[in-house]
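Shown next, in structure tokens, is the structure this report addresses.
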Amino acid sequence: MGTGARSRKEAVLGGALGGAALGVCALLLNLALLSVFGEAVQYEVPVLFLAQQISPVVGLLFAVILLAEIYNTAVPMVWTVANQFVDEKQDKRKYQFLIALLCAVIFMGGQLPFGMLVNLIYPFVGYFGALFIVVVIVQMIRWRIDRARGITR
């Protein structure tokens, strides 16, 4: 993400300022939610409730943006998964079938209540992330051991 930076200093400064700005925004969002906690706790998407409290127009705009973000995340994921199993150039029919099948599965999953999806998906993502961190740490240790032995890969 910092490949467009003109220098290392610019990349580090941009990352630090961007991270700080994101942290401040998250803090403000959490403080806003805490200010209406009693009401917001009843909703599966409390930030949408908060947006509706500002204005019905802001709530509608936020809902549209939220749906666009979900679509913007889902489409590349379907494409990526399909590419892992079938080469589009070699078997276009099988590729199209797999895309349609994945979309049908996602649509059926999308019919579940949002809270249930979050309760199923978030723990899985957390466990997968923890496993990924362990794998990265183990690989880094192996690289350092190999480098100390003079082995290059």
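The values are calculated or read from the model by the stated rules, or taken from the named source; none is laboratory data. Remember, predicted model here, so these are calculated numbers, not experimental data. Positions of Cβ are generated from backbone atoms using ideal geometry, with glycine treated the same way; all protein chains shown enter the neighbour counts. Side chains included, ligands, DNA and RNA excluded: accessible areas come from the protein's heavy atoms. Shrake-Rupley method; radii C 1.70, N 1.55, O 1.52, S 1.80 Å.
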>> Checking the conditions here, which among Val58, Val64 is in the same structural domain as Gln96 (by the TED database), at pLDDT 95 or above and out of contact with any helix residue (DSSP H, G or I) (no Cβ under 6 Å at 6 or more places or on another chain)?
In response: Val64
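Do the conditions hold for Ala63, that is, is it within 30 Å of Glu39 (Cβ to Cβ) and surrounded by 12 or more Cβ atoms within 10 Å (Cβ to Cβ)? Give the derivation first.
Working: within 30 Å of Glu39 (Cβ to Cβ): yes; surrounded by 12 or more Cβ atoms within 10 Å (Cβ to Cβ): yes.
Answer is yes for this residue.
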> Considering Pro76, Pro113, which residue is modelled with pLDDT of 90 or more, exposed (fewer than 14 other Cβ atoms within 10 Å of the Cβ), at negative phi and within 21 Å of the chain's Cα centre (by Cα)?
Replying inline: Pro76
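How about the stretch 86-122: which of its residues are of a type outside the set (Gly, Ala, Ser) and under 18 Å from Val45 (Cα atoms)?
Residues of the stretch 86-122 that are of a type outside the set (Gly, Ala, Ser), as a first pass: 86-99, 101-103, 105-108, 111-114, 116-122.
Result: Gln111, Leu112, Pro113, Phe114, Met116, Leu117, Val118, Asn119, Leu120, Ile121, Tyr122.
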>> Checking Leu48 against (1) open to solvent by 70 Å² or more (accessible area, probe 1.4 Å); (2) in contact with a Gly (Cβ under 9 Å, 6 or more places away or on another chain), only one condition comes out false. Which one?
In response: (1)
>> Among the residues that make up the stretch 123-132, is at least one of them of a type outside the set (S, T, N, Q), over 28 Å from Pro46 (Cβ atoms) and touching a helix residue (DSSP H, G or I) at 6+ places or on another chain (Cβ under 6 Å)?
In response: no
